[in-house]
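Have a look at the structure below, then the notes.
The values are calculated or read from the model by the stated rules, or taken from the named source; none is laboratory data. All of these numbers come straight from a predicted model, not from anything done at the bench. Here the Cβ positions follow ideal geometry from the backbone for every residue, glycine too, while neighbour counts run over all protein chains shown. Protein only, heavy atoms only, side chains kept; ligands, DNA and RNA dropped before computing areas. Shrake-Rupley method; radii C 1.70, N 1.55, O 1.52, S 1.80 Å.
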Amino acid sequence: MGEGILSLEPVVGAALGDPGALLRDAGLERAGDALRIGGIAIDAIAADVGTPSYLYHAGAIRQRFQALGDAFAGRRIKIHYAVKANANLAILRLFRDMGAGADIVSGGELARARAAGFPNSDIVFSGVGKTTVELAEAIEAGIGSINIESAEELDVIERLVEGRSVTAPVRLGLRVNPGVGAETHPYIATGVSGIKFGIPVELVTALGQRISVNPRLRLVTLAVHLGSQLLDPEPIAQGAAVLADLVQALRGRGIRTIEALDVGGGLGIRYRDETPLDPVALATALAPHADRSGLALHLEPGRYLVGSAGVLVTKVLYRKSSGGKRFVVVDAGMNDLVRPSHYQAYHAIVETRRSPRGTIVADVVGPVCETGDFLALDRLVPDVQPGENLAILGAGAYGFVMASNYNTRPRPAEVLVDRGRYALIRPRETVAQLMAGEVVEPFARETPS
Ligand code: LLP
């Protein structure tokens, strides 16, 4: 996949020399032989709630939110947490309580954000394929901004607001495709031209004018999102520069309603030995563009805030050897954490209890019936035995939310650890739940014709 893959490390390869930085990012520490999260032994939580389970560390999440805010101290900014990264209501409530807003991409996420208590005005709605029903719900709720991605979407919104009172105009953003490339996995690069996201720069002023002549609509932001897991702030700054130019062009046409530049999310984290994107460097890179426009900045990070703060704990089921290779078969599969098999993403794997047995090179694989069901390939891993647990790091973002029920596997439990306590924030699904609503004999009552 060429250079685009650079910042998502391949699954293949040796273990980390020193996982210390990763453990710190996650709020994990070793006490004696036990690996602890927020002061509690991971094995103790696993014994209580079972495996596989996602464990999140509230303190690590708060620390990230604080660090990001501090980096932009003295500037007008608003952080809208990207709900898609981890949508559990308890996680959302944590963000609401810290004063974050919510960045959503579906009617389902709108319902979650509202259930978690975000004020409607703190919600922004991105996405290339919003349905008429979703747009109507967002308009009804009076959310902070609906970020439009095409002229056709604006057509739908115009129809929906016809006849509405003009006193509370619907607040809109224009999601711009700035034509800026960013080094990341090609599946998650979203700012280059020739992909489905955003409005080409040359169409933005015309759409801005269409919005400005409609008294029921108000253009309040211009938005970009360059991609995810970015380690360099430069592309995001280039995106902001494009937005600042467009603000000037729109002002030149008398449009002065814009309140903020929304520069999206995408801040990259450490999965292995990367140098994560430094929020202070991001703030510095964005400053001239914010200053030039005189507007507030909106950020939409997901991964940066929650990615490092979660682990997936999984139990070793078997050790086997085949074709000259060693396998560690664990009870978490690609349905529980799809990132390794879908993006060839590297997730560090550490033992939850230190053992004197040393390490082996093995593939760490799940129970799903596909050869592509792996968590690591040819990895130096602890010499674990059946019944022992492993912690897969960096699983707080795009972990549970991307889990599926493939092979009729109930999705994992989710646990929040905070201030020396832990709570189940989503019980493990049951097989009965998975079958609920299915109809065994749909035509049983029909009379034969
Ligand atoms: N804003 C918009 C418009 C987005 O599309 C995204 C992510 C974000 C914000 C948040 O990006 P973040 O700060 O989390 O990088 N499933 C993939 C990541 C997909 C990201 C999609 N858009 C993965 O597991 O790496």
message: For the chain, take the longest principal axis of its alpha carbons; what is the angle in degrees between that and the long axis of helix 132-141, to the nearest 10 within 0 to 90?
response: 80
query: Taking the Cα-to-Cβ direction at residue 249 and at residue 73 and moving 7 Å from each Cα, how far apart do the two end points lie in nm?
result: 3.8
- line: For the chain, dividing by residue count, accessible area per residue (probe 1.4 Å) in Å² works out to 41
message: If I ignore ligands, DNA and RNA and count only protein heavy atoms, how much of residue 97 is accessible to a 1.4 Å probe, in Å² to the nearest 10?
response: 100
statement: antiparallel share of DSSP beta bridges within the chain, to nearest 5, in %, is 50
Reciprocal of mean inverse Cα separation for segment 365-449 (Kirkwood radius, Å): 17.0
statement: Length gained, residue 273-residue 29, 0.36 nm per residue minus C-alpha separation, equals 86.0 nm
- prompt: With the radius of gyration and the Kirkwood radius both derived from the Cα set of segment 10-118, what is their ratio Rg to Rh?
  reply: 1.03
message: Given the whole protein assembly as supplied and a 1.4 Å probe, what does the accessible area of residue 325 come to in Å², nearest 10?
response: 70
- prompt: Pick from 297, 174, 282: which residue has the top mean-square fluctuation in a GNM of the chain where Cα pairs under 10 Å get a spring?
  reply: 282
- prompt: Taking the simple approach of a point 7 Å from Cα along Cα-to-Cβ for both residue 115 and residue 428, what is their distance in nm?
  reply: 2.2
field: Segment residue 355-residue 435, length gained on full extension (0.36 nm per residue, minus Cα span)
entry: 24.7 nm
task: Pairs of Cα atoms under 8 Å, at least six residues apart: use those to get the relative contact order of the chain, whole percent.
output: 22
query: Which one of 157, 380, 226 has its Cα pushed farthest toward the positive end of the charge dipole of the chain, where Lys and Arg give +1 and Asp and Glu give -1 at the Cβ?
result: 157
task: Place the peptides 141-150, 346-355 in order of packing, highest mean first, counting for every residue the other Cβ atoms within 10 Å and averaging per peptide.
output: 141-150, 346-355
- prompt: With every protein chain left in place, what is the accessible area of residue 165 in Å² (1.4 Å probe, nearest 10)?
  reply: 70
query: Given charges of +1 on the Cβ of Lys and Arg and -1 on the Cβ of Asp and Glu, with all other atoms neutral, how large is the dipole of the chain about its Cα centre, in debye to the nearest 20?
result: 800
- request: Any chance you could list the semi-axes, whole Å, largest first, of the equivalent ellipsoid that the Cα gyration tensor gives for the chain, using √(5λ)?
  value: 40, 27, 20
message: For 159, 114, give me the order by solvent-accessible area with a 1.4 Å probe, most accessible first, ignoring ligands, DNA and RNA.
response: 159, 114
- prompt: Taking +1 at the Cβ of each Lys and Arg and -1 at the Cβ of each Asp and Glu, which of 170, 206, 238 sits farthest along the dipole of the chain towards its positive end, judged by Cα position relative to the Cα centre?
  reply: 170
Reachable lysines, given that their alpha-carbon falls under 28 Å from the alpha-carbon of residue 315 and they are not under 8 places away in the same chain: 84, 325
field: Computed E for residue 408/residue 132 - FRET, C-beta separation, R0 41 angstrom, nearest 0.05
entry: 0.75
query: Percent of accessible area on segment 329-440 owned by carbon and sulfur, 1.4 Å probe?
result: 55
statement: Any lysines whose Cα falls less than 28 Å from that of residue 78, other than same-chain ones fewer than 8 residues away, would be 130, 196
query: Roughly what percent of Cα-Cα pairs across segment 225-275 reach past 17 Å?
result: 47
C-alpha long axis of helix 151-161 to longest principal axis of the chain, angle in °: 70
field: Tilt relative to the chain, helix 279-293 - C-alpha long axis, 0 to 90 degrees, to 10
entry: 10
message: Once neighbouring chains are kept in place and the probe is 1.4 Å, which whole percent of the accessible area of segment 58-306 is contributed by carbon and sulfur?
response: 50
- prompt: In segment 58-306, what percentage of the DSSP-assigned beta bridges are antiparallel, given to the nearest 5?
  reply: 5
